[in-house]
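Below: one structure, written as structure tokens.
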Amino acid sequence: MTRKSHPHWKAIQTNMAEPALESWIRMDFPTLLNEILAEKFREKHLLVLQSLTNALRIQDYRDRSEDEAFRSLMKILSKLSEEIQAADGEVEELILQLTAACFRAQRNGCVQCARNQSLLRSLGAIDLSIRILDMLQKLKSENTDYVFEALRCGVQFIGNLAVDNQFCKDDIWTLIFPDLLLALLCVDDERAVGYSSMVLHTCLDEHKVERLAHPGNIHLALKVMELCRTQSELDWTVLIATQHFLKSSVLVKNMYAGMSHQERVTLLELISAQLGEEDSEDCGIPPTVATFLASCFQERCGAVLTLASESDNEEALTVISLLDVLCEMTSDHKQFMFLQNHPDLLKSTIDLLHQVHALGKTSKNVFTAAQNFSLAQGGDCSSSPSVSFKAHLIRLIGNLCHGNTANQNKVRKLDGLPLIMDNCSIDSNNPFISQWAVFATRNILEHNLENQELVAALERRGVADDSALRAMGFRVEERDGNVLLKPCSKDP
């Protein structure tokens, strides 16, 4: 019987549309694959590989698939590898299609099947596949679509090999880290980049993340962060950043040092989003990261003052994002309350509030209070990055004073109370600033008699009018020559 008249060739075409387990079991795939090896590559060989791929979609078939079929598949892929290498850049379309088909079959064979994962690893599939991927990502072929198709399937295969298999994870990591992995994240195909991100996410662990923090490897971490900024729809890159990167204080510090201001804003936005995760007491961000970000804010917070004369300043945007993160950290996360004692953080915040408040009063700029709430007229707060900045400074001061007598006293000594009370009016450039002023004043006055007496004295001297105090829920009462600050009673 000739190969051309082999009965399974006809069966293949029938079974392509009939993926029942019984139909695939009757297929003699080892023989069909060996016939491919004995011939020059032809179009009909795609049918065999596609049939095997379809068969391996069925869990029962994967579990009982013959080892010989995978051995033959590996030999075919090895032969294809030689063809790609010999083509010197101009690889035939059929070779690329067959390569993709082999990868698809292997990819399906590994799904929830530890036996096939181990078998393919023992057959050298990881080393061979990664060598092919390295050649494919370097190709400058006219058959770009077919190159990317093969590349995607190959990356998916090594990704499936790695799932729940530590031996495969470690082998893959050894061969692709860092250069090939970086190259795969840089290819001009979004799906291939997404699958490559999946491989990185699957292989990463605490030890590998620390290796990423080394100066020679930091460019890979920075590439992931760049993808978070430029291709935010790639969920895998966001997962890598939030589930791995943000848990390493060394990596966060080294990335931050090597980032542009735009990239820093992206990193800070991810941290802020992680802090905002619901039902999570531990957001996974180390305290050392919080300390580092607080120091960054203190060191460069003055950059935001340039917004009074410049319409745009990237460093100022970073400072604004740092402030947002610090507000979140000191709000509902008990593990970050140590920031209340961070050296001079409160002083830096109050000093900055003094400066922006004075700038807003001495000339008309983005820090000047406004009462323009008409969107139709293009309100004052419609485009400036400084929107809510003063309000968030007051919010941070309030957070840092919550239940902290030393900080309450420090606010008084730094003339922070009159400053905060002077910001309790409506300001369209700082939505909810009056509410944050009320919140901060409450935290500063709570169980602190000296601060309460100071506010009462301010009222008597007329520094803050009665309506301002009442807006914050307090009233002044004079009794036996003493001035008392008391909460307003509700109307009957």
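With respect to being assigned to a loop (DSSP other than H, G, I, E, B), within 24 Å of LEU120 (Cβ to Cβ) and either at pLDDT 90 or above or among the aliphatic types (A, V, I, L, M) (or both), MET27 fits the description.
The set of residues in region 443-455 being of a type outside the set (Val, Ile, Thr) and touching a residue at least 40 places away in the same chain (Cβ under 8 Å) consists of ASN443, LEU445, GLU446, HIS447, ASN448, GLU450, ASN451, LEU454. Checked against the criterion of being over 15 Å from the mean Cα position of the chain (by Cα), over 20 Å from PRO287 (Cα atoms) and modelled with pLDDT of 95 or more, region 236-253 has no qualifying residue.
For region 192-208, the set of residues classified as buried (at least 18 other Cβ atoms within 10 Å of the Cβ) and either under 18 Å from GLN166 (Cβ atoms) or not hydroxyl-bearing (Ser, Thr, Tyr) (or both) consists of ALA192, VAL193, GLY194, MET198, VAL199, LEU200, HIS201, THR202, CYS203, LEU204, listed by residue number. When the residues of region 428-469 are filtered to those that are outside any helix (DSSP H, G or I), modelled with pLDDT of 90 or more and farther than 30 Å from PRO385 by Cα, the one that is most open to solvent (accessible area, probe 1.4 Å) is HIS447. Would you point out the residue of region 262-321, among those that are among the aliphatic types (A, V, I, L, M) and over 26 Å from GLN335 (Cβ atoms), that is surrounded by the most Cβ atoms within 10 Å (Cβ to Cβ)? Top of the filtered list is VAL304. Summed over region 377-414, the residues that are open to solvent by 30 Å² or more (accessible area, probe 1.4 Å) and either under 21 Å from LEU326 (Cα atoms) or at pLDDT 95 or above (or both) give a count of 13. A count restricted to region 133-148 and to residues that are in a helix (DSSP H, G or I) and surrounded by fewer than 22 Cβ atoms within 10 Å (Cβ to Cβ) stands at 8.
The values are calculated or read from the model by the stated rules, or taken from the named source; none is laboratory data. Given the structure is predicted, the values throughout are model-derived calculations rather than measurements. Reconstructed Cβ throughout: ideal geometry from the backbone, glycine too, with neighbour counts over all protein chains shown. Accessible surface areas use protein heavy atoms only, side chains included; no ligands, DNA or RNA. Shrake-Rupley method; radii C 1.70, N 1.55, O 1.52, S 1.80 Å.
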